[in-house]
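Have a look at the structure below, then the notes.
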């Protein structure tokens, strides 16, 4: 059932660790939609399969904790690695794609840095729900096969239930893996890592005269596209350290994340981020900073001139993807010179009027059904909103079908509703689910996990989950243990 390519690498890449099982583990949620892709049971498994997945039963290959380093809030830290997670093997799906299976919360490793190696229920719920929400939105992300709760108590600010997350991704290799080998001057291992990343994840680069350069170009492109999705959908990661950056451009390591409520480009969701380094509007700049750190680590393999040339591709690539996504959200396919002002005035209006970002775009997508009043009702200054909306609708009248006819409101709005979600994982929804789960009721976690798989559908029976947050749940600031 399991393969394990990473375990074939030299032992300087990892440390083998026997998982430390939790007491009386039981399933909170099992991702049957995702499990089906790997030929796994539709129902949460019990017996031997459960023991294998949770580390309670020995595997043929001992699970391993990966060694890496990274820049945390801009400061290099060499003492990082899988401190509470283990790579237990790989599974192949029905398309012959290989995914890592990573068990998070299974005890102390050599990289736990005096921590207990455990995960608490609330943080595990948040990561499970958000990875599924992102997948539903079409945003590149790690996934989760399932999560479990236990009777093992874990102390943070208080005693909490220990939990396990079965995280899956084509790879758990981070920018920080390359940084570790570069700064420790293990250049042969750095080259081996790059060779394996190309072989496993960027095979098209093998045909290039400069395969390492071709790999880095693809890392740039995938990272730029991921960041464009974040900015277009109002997602704030919260901790964009280089050890939290996936080499394949997936959203990785969910901690104090948030989707925007009111449109605020300066929003900081991590209460430990005192300088606002990882604010929503800083994410493109930080992504480039992180890619520059990665480029420095690749300098033994790629010339400085080529690294700088490749880094220069990031901003145009980001701009291209962001423009594509936002045009789809506004139902504008062609490009005109005046569009830049249309977009900038929209963002400025949303910011100054403190308008909910997701709600605004969804209402704009529904004017064929509800008319423009529901859009205007969002604004305290209806006159300003009317001015922008008039310009927008005039611009929409210039969009033509292939036969030269003006695209109708219905055609445009139907397309817009396919990319502007009705439902997102607002932090207050996650908190309600967590509060109930800590009392032993997991129904809200299960309900949200299903709802967020189809964020663009109307789901009228679930409409309350599209409500704007109450005052206590708006613009929440969270800790890294969240």
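The values are calculated or read from the model by the stated rules, or taken from the named source; none is laboratory data. This one's a predicted model, so the numbers in the text were calculated from it and none came from an experiment. Note that we place each Cβ from the backbone using ideal geometry, even for glycine, and neighbour counts take in every protein chain shown.
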State whether one or more residues within segment 272-284 are surrounded by fewer than 22 Cβ atoms within 10 Å (Cβ to Cβ), touching a helix residue (DSSP H, G or I) at 6+ places or on another chain (Cβ under 8 Å) and within 20 Å of residue 324 (Cβ to Cβ).
-> yes
Matching residues, segment 21-43, being closer than 19 Å to residue 152 by Cβ and surrounded by 16 or more Cβ atoms within 10 Å (Cβ to Cβ) | 21, 22, 25, 27, 28, 29
Exception for residue 475 within (1) surrounded by fewer than 20 Cβ atoms within 10 Å (Cβ to Cβ); (2) touching a helix residue (DSSP H, G or I) at 6+ places or on another chain (Cβ under 6 Å); (3) assigned to a loop (DSSP other than H, G, I, E, B) falls at (2)
(1) in contact (Cβ under 8 Å) with a residue 60 or more places away in the chain; (2) touching a strand residue (DSSP E or B) at 6+ places or on another chain (Cβ under 7 Å); (3) farther than 28 Å from residue 294 by Cβ all hold for residue 102 apart from (3)
Looking only at segment 99-107, decide whether some residue is surrounded by fewer than 21 Cβ atoms within 10 Å (Cβ to Cβ), at pLDDT 95 or above and over 17 Å from residue 142 (Cβ atoms).
-> no
Could you figure out which of (1) closer than 20 Å to residue 167 by Cα; (2) surrounded by fewer than 24 Cβ atoms within 10 Å (Cβ to Cβ); (3) touching a helix residue (DSSP H, G or I) at 6+ places or on another chain (Cβ under 7 Å) isn't true of residue 260?
-> (1)
Candidates 52, 80, filtered to the one that is within 24 Å of residue 193 (Cβ to Cβ) and surrounded by 15 or more Cβ atoms within 10 Å (Cβ to Cβ) = 80
The correct count of residues that are farther than 18 Å from residue 27 by Cα and either buried (at least 23 other Cβ atoms within 10 Å of the Cβ) or touching a strand residue (DSSP E or B) at 6+ places or on another chain (Cβ under 7 Å) (or both) in segment 131-153 is 7
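Yes/no matrix, rows are residues, columns are (1) under 19 Å from the mean Cα position of the chain (by Cα); (2) outside any strand (DSSP E or B):
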residue	(1), (2)
107	no, yes
110	no, yes
134	yes, yes
157	no, yes
166	yes, no
185	no, yes
In the set 417, 410, 426, the lone residue that is touching a helix residue (DSSP H, G or I) at 6+ places or on another chain (Cβ under 6 Å) and either over 24 Å from residue 139 (Cβ atoms) or crowded, with 16+ Cβ neighbours inside 10 Å (or both) is 410
Screening 245, 326 for residues that are farther than 25 Å from residue 178 by Cα and buried (at least 19 other Cβ atoms within 10 Å of the Cβ) leaves only 326
If a residue has to be loosely packed, with under 12 Cβ neighbours inside 10 Å and either within 18 Å of residue 420 (Cβ to Cβ) or in contact (Cβ under 8 Å) with a residue 60 or more places away in the chain (or both) to count, how many in segment 374-385 make the cut?
-> 1
So how many residues does segment 414-442 have that are over 21 Å from residue 458 (Cα atoms), assigned to a helix (DSSP H, G or I) and over 19 Å from the mean Cα position of the chain (by Cα)?
-> 6
Could you tell me whether residue 331 is on the phi > 0 side of the Ramachandran plot and at pLDDT 95 or above?
-> yes
Looking only at helices (runs of 4 or more DSSP H) that fall completely inside segment 227-333, which ones have 1 or more residues that are touching a strand residue (DSSP E or B) at 6+ places or on another chain (Cβ under 8 Å) and under 17 Å from residue 72 (Cα atoms)?
-> 283-297
